[in-house]
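A short write-up of the structure that comes next.
The values are calculated or read from the model by the stated rules, or taken from the named source; none is laboratory data. These figures come from a predicted structure and were not determined experimentally. Ideal geometry is used to build each Cβ from the backbone, glycine not excepted, and the neighbour counts take in all protein chains shown. Just the protein is used for accessible areas: all its heavy atoms, side chains included, with ligands, DNA and RNA removed. Shrake-Rupley method; radii C 1.70, N 1.55, O 1.52, S 1.80 Å.
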Amino acid sequence: MTDRLRYPLLALSLLILFAAIWAGMLRLGWRWPILLPALPISHGPLMVSGFLGTLIGLERAVALRVRWAYLGPLVTGLGGILLIFSFGGSLGALLIVFGSFILVLIFAFIVRQHLAAYTVTMALGALVWLIGNLLWRSGWPIYQVVLWWAGFLILTIAGERLELGRLLSLSKMVMNAFMVIIAVFLAGMVISLPLPKAGMRLAGLAMFALAIWLLRYDIARRTVRKPGLPRYTAICLLLGYFWLAVAGILINGFGQLVAGMRYDAYLHAIFLGFVFSMLFAHAPIIFPAVLGSQVIYSPFFYAFLITLQVSLFGRIVADLTGLWQLRLWTGLLNGIALTLFIGTMMVMVVRGLRVEGRSSA
């Protein structure tokens, strides 16, 4: 029964992603049909909690193979749908809070089974997501909550990369440096609540340090020399670390911003540059693992990656220089790159399922 949940839950997360992209285009200034009144203001929560939170929760549920773990992505997905359609008042936010609590329980279970630096780091990411969602549900403004949402994704990704770092036998000094960076990042998030500018700058400094640590010690530095999918994945990862460093520099320079083009620049350096570069890297692995299929690597993947990177660079330049039209068109290219990449992944997965079905018949 739980295996069958994978398909509708993944479809639900992708529906939320496409709604979030549409909302992002409206926020950029494209005069497209609004469709639903609350859609434009729900862009951030939909992208982070509705799509990425549901996808991460689903990935963990599939890996654990326990029924109760599927409750997390189910309720965050439903919460995202309620946000899109504005049903139930604040019920959508409440469901997302509950779903993030389930992810905390999942990682508590994982840490209890295997206590390690990488499991603790990912567990802290889940806890940070829960706290951020509680702040959001309690009425805190998005510009103060967004660091906690970013922290969820940064810590989750850092923990996953640290897990693979075991293959490199990292020294105790290197591991201690990693833990200090994570501690500084967490301290920055906490300090940002009473002292927004100081906390943001401290968190930005930690982001920059983490990016340098990952660029130096991640296994991608070795796998980038290998052909095919390993090289593609490594290039995505290294580009993601570059954007995390850029985000750290921007945040450290600007501190906390409420809105505006500079605010747009550092947010999208994190969420598009870092997070979605990671998604581009891992999608050929994550989607087949979730759906029980396979994706055959194609050099065409680079077309989506290059489109995303070039358009994001243009968008951040536009944000920093006030070039409104450039920001509008590069933002559109951001959305096109994400849509085409995810659509291509799903087509390839479906084809893989059909081929496997015919071979087993």
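A few remarks follow.
- Heavy-atom accessible surface of the stretch 254-321, averaged per residue, reaches 34 Å², computed with a 1.4 Å probe.
- Accessible surface computed residue by residue for the stretch 33-119, with neighbouring protein chains in place and a 1.4 Å probe, gives 43 Å² per residue.
- Modelled this way, with points 7 Å down the Cα-to-C-beta line, the labels at Leu332 and Val310 are 1.6 nm from one another.
- Looking at the stretch 268-349, the pairs of alpha carbons with a distance over 22 Å make up 29% of the total.
- Sequentially through the stretch 157-163, phi angles give Karplus couplings (6.51, -1.76, 1.60; θ = phi - 60°) of 5, 4, x, 5, 5, 5, 4 Hz, Gly and Pro residues having no value and appearing as x.
- Build a GNM of the chain with springs between Cα atoms under 10 Å apart, and of Leu312, Leu164, Leu202 the one that fluctuates most is Leu164.
- Nitroxide proxy distance, nm - points 7 Å out along Cα→Cβ at Trp30 and Arg137: 3.3 nm
- Per-atom-type breakdown for the stretch 140-262 gives carbon and sulfur 69% of the accessible area (1.4 Å probe, protein chains only).
- Size-normalised alpha-carbon gyration radius of the chain, reference 2.2 N^0.38 Å: 0.94
- Remark: the stretch 106-116, residue by residue, has Karplus-estimated 3J(HN,Hα) of 4, 6, 4, 5, 5, 5, 5, 6, 8, 7, 7 Hz, where x stands for each Gly or Pro and the curve is 6.51 cos²θ - 1.76 cosθ + 1.60 at θ = phi - 60°.
- Each of Ser169 and Arg216 was given a label point 7 Å from its Cα along the Cα-to-Cβ line. The distance between the two points is 2.0 nm.
- Extension gain, Val111 to Leu15: 0.36 nm times the residue separation minus the Cα-Cα distance gives 31.4 nm.
- Rounded FRET efficiency, nearest 0.05, which uses the C-beta distance separating Asn176 from Leu94 and R0 of 41 Å: 0.55
- Area accessible to solvent at Asp264, 1.4 Å probe radius, in Å²: 10 Å²
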